[in-house]
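Peer 1: Quick one: the structure is below, and I'll ask about it shortly.
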Amino acid sequence: MNAVEELGRWNTPKTIDVLKHRLNNDTVYQVQEAAYHKLKQLGEDVQPPTRKKGDLIKGVTKILVRIKKSLPAGHSFEEFKEKLKKDEARRLRCLRRRKRRGL
């Protein structure tokens, strides 16, 4: 964000190009939004960024819901965190086995 703010102070073709790249390709919506506002201030004709829907990490919601359902009602955050760590370790072991088998 600080970089976008600093770039917005310079009205040169190079900085405009960098800001457009941040607007179109940055994964953080707030950075895209800041680049959009700076480009508008510099007089560029740009479209506002759109929020991307869905998971940032594919399938993470499904995993978290499965872990939550496996715990008793009223569980603590610590219990959830411990179960998540165990699930992560299980997934890593599974990936290592697949890699050794060449799958």
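Peer 1: Residue under question is G74, and the condition is that it be more than 25 Å from the chain's Cα centre (by Cα), more than 25 Å from P13 (Cβ to Cβ), assigned to a loop (DSSP other than H, G, I, E, B) and of a type outside the set (D, E, K, R); does it hold?
Peer 2: Here the answer is yes, as G74 does meet what is asked.
Peer 1: Does K81 count as within 22 Å of the chain's Cα centre (by Cα) and at pLDDT below 90?
Peer 2: no
Peer 1: Do you know which of the residues in the stretch 36-61 that are of a type in the set (D, E, K, R) and modelled with pLDDT of 90 or more is surrounded by the fewest Cβ atoms within 10 Å (Cβ to Cβ)?
Peer 2: Filtering the stretch 36-61 for residues that are of a type in the set (D, E, K, R) and modelled with pLDDT of 90 or more, the one surrounded by the fewest Cβ atoms within 10 Å (Cβ to Cβ) comes out as D45.
The values are calculated or read from the model by the stated rules, or taken from the named source; none is laboratory data. A quick note: this is a predicted structure, and the numbers were derived from the prediction, not measured. A quick note on method: Cβ atoms are made from the backbone with ideal geometry, for glycine too, and the neighbour counts reach across all protein chains shown.
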